[in-house]
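This report refers to the structure that appears directly beneath it.
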Amino acid sequence: MTAITQPALSHLRALEAEAIHVMREVAAEREKPALLFSGGKDSIVLVRLAQKAFGVGLGGVVPFPLLHIDTGHNFPEVIAFRDRLVEDNGLELLVGSVQESIDAGRVREETGPRASRNRLQTVTLLDAIERYELDACFGGARRDEERARAKERVLSFRDDFGQWDPRRQRPELWDLYNARVRRGENIRAFPISNWTELDVWQYIASEELELPNIYMAHEREVFARDGMLYAVSEFIELMEDEEPFTASVRYRTVGDMSCTGAVRSTASTLQDVVAEIAATNITERGETRADDRASEAAMEDRKKEGYF
């Protein structure tokens, strides 16, 4: 990994140590945590950090399950990767299904060309937290992704309705974390909150982590909408003026196919991606996530409702 310098590695080890500290603190204070797993790069990094935090490979095990909120409209490559990762590493996987929430009448399916199941995930997540009696959920959110996430603390307190109130955040002076909750409440813990997208990619390269292949440049049938490239799929209804075409693309973030855009790219190796990310000045969510463009406060509104 000649492109990653020693200073970068020292920086990454400091971030790694901080993240491991957060994971151990939460696991020690909470009875039933879980790791929110999307199959994306950030949650894959969290799995590696959990393995290091609890001595996997030295006789230890990850002491909590992964929890995936499955919209039913995921990239098939990501679901295949998820299942292989869980099996190969002896992990426990819990799945919350948005389709089951729709079938049960808990949420209503959107219709039309701009329909998405992304927002529907919140109800499914809160139901899964209640079903499995979880009192903490590790997530891969980072401050550099979006303004609302920049406001959130490493430990994000959620009330018994799953809601986040930015005015009631707890102080985290000197890296001391208060993970106490009452019955029905829970904590969202973000161990890589202080990482950047470039940090994540450099860590992936240094650890030689496997990722879903959609993160690397590949030929895909796409169409253009609102300045983004979406994959052609059965889950998205094309508008009259939208014509599919084939392009070399890759994904910077993984989410529901209906709201996650690709970027044009020829970066086919980890080192190519690291170089590409180092040169960009647009955040991954700003460039590729339609759900964050709904309004100026779209992410904050969703988080107040109980979103990740």
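Computed from the coordinates by the stated procedures, all read-outs in this text should not be read as laboratory data. Bear in mind the structure is a predicted one, so any value in this text is a computation, not a measurement. Cβ atoms come from the backbone with ideal geometry, glycine included; neighbour counts cover every protein chain shown.
Before moving on, here are some points about what is shown:
- Choice from Ala14, Ala53, Ala128 with maximal GNM fluctuation in the chain (Cα, 10 Å cutoff): Ala14
- Sequence-distant contacts, meaning Cα pairs under 8 Å at least 6 residues apart, place the relative contact order of the chain at 21 percent.
- Remark: Trp174, Trp164, Trp195 ranked as Trp174, Trp164, Trp195, counting other beta-carbon atoms within 10 Å and listing the fewest first.
- Sorting Arg167, Arg183, Arg119 from the fewest to the most surrounding beta carbons within 10 angstrom yields Arg167, Arg183, Arg119.
- For the range 211-293, average projected area of the Cα convex hull in nm²: 5.4 nm²
- Shown for Tyr251, Tyr230: other C-beta atoms within 10 Å of each C-beta, ranked fewest to most, produce the order Tyr230, Tyr251.
- Rg to Rh quotient for the chain, alpha carbon positions, Kirkwood Rh: 0.94
- Taken over the Cα atoms of the range 214-257, the convex hull encloses 78 Å³ per residue.
- Efficiency of FRET between Glu240 and Asn194 - r from beta-carbon atoms, R0 51 angstrom, step 0.05: 0.65
- Its DSSP H runs of at least 4 residues, each contributing -39,500 (n - 2.57), put the calculated 222 nm mean residue ellipticity of the chain at -10500 deg cm²/dmol, to the nearest 500.
- For the range 75-221, convex hull volume per residue from C-alpha positions, Å³: 179 Å³
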